[in-house]
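Participant: Sharing a structure with you now.
The values are calculated or read from the model by the stated rules, or taken from the named source; none is laboratory data. Every value quoted in this text rests on a predicted model; they were computed, and no experiment measured them. Here the Cβ positions follow ideal geometry from the backbone for every residue, glycine too, while neighbour counts run over all protein chains shown.
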Amino acid sequence: MKNLLIYKLRFIFIYLFCTISICPVVQASVNKTSLISVEPVFRQQNLKTTEIVTLINHYNDIFASETKMANWPNAAYDCAAFLYIPIQYGYDTKNQEIIKRLQVLFTYERLLTIKNRADIDDLSKRTFYFTVSEYLRRSGIRGDAEKTKMFNFIKKEILNYWNNAYANIWEAESRKFYGVKQRVEFLLTGEYNGDMSYYSAFTDLELYIMGTGVSLSLIEKDASLTATRDLINIRNSFYQVMQKKVVFQDNVWYLQPNVWKDHPNFQDVVLKKNQNVNWDASHFSRMPAYLHILKLAFQSDTTKFQYLDKLNTLLSRQLLNNIAMYNPKDGIYTFNNFVDGNNSNFRSNLKKGDKGLSPSEDYTHIFYGWWKMLNTNEVNMMYDKISLKYSYYSNQNPYINDNKGYFQEIVNLK
């Protein structure tokens with residue numbers, strides 16, 4: 001009886017020791033590797049999407065016609081920009097009409113068509129691959145032979161860009177780069193890359209490749225495919241860019257401040273004392289999409305996820321404080337041309353009489369809706385206010401007016 005009592009006491013001691021001492025260690029390990037939830041951007045079903053569906057059908061008609069493609073070589077680029085948000089909304093809310101039309105539009109044969117056309121420039125192809133990869137990520141490829149074929153096609157293209165393709169953006173850079181990987185790794189060192197500061201800039205040509213690589217790595221994970229080493233490398237390289245080349249200032253952040261200071265598109269930027277030349281808001285409007293998929297890619301790494309989430313939060317603040325300026329008297333926003341609130345001319349040459357985009361003219365990016373991927377209450381409230389005064393913006397901007405039905409639906413998505 002005495003031995004039985006001692007055994008029971010020993011068991012209780014071991015149990016308490018395990019509960020108090022070991023279990024927190026186990027729990028900490030679980031927390032480190034468990035996925036952090038990334039909330040869907042869109043939740044409201046049954047919103048009006050008639051114009052969105054019409055536009056998807058329109059691009060399907062364009063891509064099916066040799067004559068129409070020849071007359072509109074920018075169709076691939078425009079399609080990628082216009083349909084990125086409908087893809088996200090369609091799959092977030094399970095909108096079957098949008099999903100059905102996207103399945104008709106995006107096919108393996110369409111990818112071949114875009115690749116093989118000499119009249120479609122390289123940036124347009126990279127942009128198109130990113131958006132189609134995001135379509136595949138949202139739809140899933142598991143058990144679907146056509147989508148798996150599309151995935152393998154885009155993966156092959158992206159890995160060729162990453163490892164092999166000539167990657168200089170400007171011929172006068174300090175060396176020749178073969179593969180985007182070479183250029184990215186060299187720029188991360190901070191070493192001299194030529195006489196002009198913008199020779200060291202990360203551009204859309206790298207960012208789209210890295211964004212697509214991250215998207216593809218997420219597809220592999222979802223489909224339980226063996227992880228491709230190069231895609232993991234691309235994912236990690238993109239994170240390093242966002243870590244090493246971001247500068248925090250006044251509770252916001254800038255990517256490579258002053259790197260564009262001597263680029264011709266920025267020559268008429270007027271600076272205040274101690275002010276830098278920063279990205280134009282239009283090109284930077286893709287960043288919310290990149291941050292979104294990077295957060296998905298690093299859900300199991302708490303430190304990296306929290307850093308990316310910080311960038312996301314501060315970029316939302318930057319949009320509302322520096323770019324979108326709200327006048328409560330009339331309920332109207334005006335939009336500054338640059339991410340730091342500078343509202344100078346962009347892509348101009350005033351000495352030669354070329355005004356380019358005058359102050360507050362470079363804002364159609366707001367209506368493509370990519371900023372919605374920040375998924376914050378502040379951004380949602382901004383779009384709600386824009387919706388209330390939508391006719392003002394469409395009347396002021398001919399481009400928005402030409403596509404006013406579509407843009408209004410994009411603004412209203414939530």
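Participant: Go through the stretch 268-301 and give me each residue that's surrounded by fewer than 17 Cβ atoms within 10 Å (Cβ to Cβ) and farther than 30 Å from residue 138 by Cα.
Facilitator: 270, 271, 272, 273, 274, 275
Participant: Further question: Could you list, in sequence order, all residues of the stretch 352-400 that are of a type in the set (S, T, N, Q), in contact with a helix residue (DSSP H, G or I) (Cβ under 6 Å, 6 or more places away or on another chain) and in a helix (DSSP H, G or I)?
Facilitator: 364, 387, 394, listed by residue number.
Participant: Continuing with this model, one more query. Could you tell me which of the residues 349, 327, 395, 337 is surrounded by fewer than 15 Cβ atoms within 10 Å (Cβ to Cβ) and in contact with an Asp or Glu (Cβ under 8 Å, 6 or more places away or on another chain)? Give the derivation first.
Facilitator: Numbers: 327 fails: in contact with an Asp or Glu (Cβ under 8 Å, 6 or more places away or on another chain); 395 fails: in contact with an Asp or Glu (Cβ under 8 Å, 6 or more places away or on another chain); 337 fails: surrounded by fewer than 15 Cβ atoms within 10 Å (Cβ to Cβ).
Residue meeting the stated conditions: 349.
Participant: Right, here's the next one. Checking residue 305 against (1) buried (at least 20 other Cβ atoms within 10 Å of the Cβ); (2) of a type in the set (Phe, Trp, Tyr); (3) within 25 Å of residue 92 (Cβ to Cβ), which single condition isn't satisfied?
Facilitator: For residue 305, the failing item is (1).
Participant: Let me ask another. Are there helices (runs of 4 or more DSSP H) fully within the stretch 76-176 with at least 3 residues that are among the β-branched types (Val, Ile, Thr) and modelled with pLDDT of 95 or more? List them.
Facilitator: 96-105, 122-139, 145-163
Participant: Follow-up. Out of (1) closer than 18 Å to residue 370 by Cβ; (2) touching a residue at least 40 places away in the same chain (Cβ under 8 Å), what's the single condition that is false for residue 78?
Facilitator: Only one criterion in (1) closer than 18 Å to residue 370 by Cβ; (2) touching a residue at least 40 places away in the same chain (Cβ under 8 Å) is unmet by residue 78, namely (2).
Participant: Of everything in the stretch 385-402, what is touching a residue at least 40 places away in the same chain (Cβ under 8 Å) and under 23 Å from the mean Cα position of the chain (by Cα)? Give them in sequence order.
Facilitator: Once the filter is applied, which keeps residues that are touching a residue at least 40 places away in the same chain (Cβ under 8 Å) and under 23 Å from the mean Cα position of the chain (by Cα), the stretch 385-402 yields only 386.
Participant: Kindly indicate which of 207, 216, 188, 225 is assigned to a helix (DSSP H, G or I), surrounded by fewer than 17 Cβ atoms within 10 Å (Cβ to Cβ) and hydrophobic (A, V, I, L, M, F, W, C).
Facilitator: Among 207, 216, 188, 225, only 188 is assigned to a helix (DSSP H, G or I), surrounded by fewer than 17 Cβ atoms within 10 Å (Cβ to Cβ) and hydrophobic (A, V, I, L, M, F, W, C).
Participant: Looking at the structure I just gave you, is residue 34 of a type in the set (Ser, Thr, Tyr), at pLDDT 95 or above, over 25 Å from residue 286 (Cα atoms) and surrounded by 11 or more Cβ atoms within 10 Å (Cβ to Cβ)? Walk me through how you get there before you give the answer.
Facilitator: On the way: of a type in the set (Ser, Thr, Tyr): yes; at pLDDT 95 or above: no; over 25 Å from residue 286 (Cα atoms): yes; surrounded by 11 or more Cβ atoms within 10 Å (Cβ to Cβ): yes.
For residue 34, the condition - of a type in the set (Ser, Thr, Tyr), at pLDDT 95 or above, over 25 Å from residue 286 (Cα atoms) and surrounded by 11 or more Cβ atoms within 10 Å (Cβ to Cβ) - is not met.
Participant: Between a residue in the stretch 237-260 that is free of Cβ contacts under 8 Å to residues at least 24 places away in the same chain and at positive phi and any residue that is of a type in the set (Val, Ile, Thr) and in a helix (DSSP H, G or I), which pairs come within a Cβ distance under 8 Å, given they are 6 or more apart or on different chains?
Facilitator: Listed by first residue and then by second, the contacts come to nothing, as the list is empty.
Participant: Another one. Just checking, how many residues over the stretch 191-204 are free of Cβ contacts under 8 Å to residues at least 40 places away in the same chain and either assigned to a helix (DSSP H, G or I) or surrounded by fewer than 17 Cβ atoms within 10 Å (Cβ to Cβ) (or both)?
Facilitator: Total satisfying the criteria: 6.
Participant: Would you check which residues across the stretch 124-171 are of a type in the set (Val, Ile, Thr) and crowded, with 21+ Cβ neighbours inside 10 Å and list them?
Facilitator: 127, 131, 132, 154, 158
Participant: Ok, one more. Among the candidates 332, 323, single out the residue that is over 28 Å from residue 274 (Cβ atoms) and among the β-branched types (Val, Ile, Thr).
Facilitator: 332
Participant: Next question, about the same structure. Return the total of residues in the stretch 47-75 being modelled with pLDDT of 95 or more and in a loop (DSSP other than H, G, I, E, B).
Facilitator: Of the residues in the stretch 47-75, 7 are modelled with pLDDT of 95 or more and in a loop (DSSP other than H, G, I, E, B).
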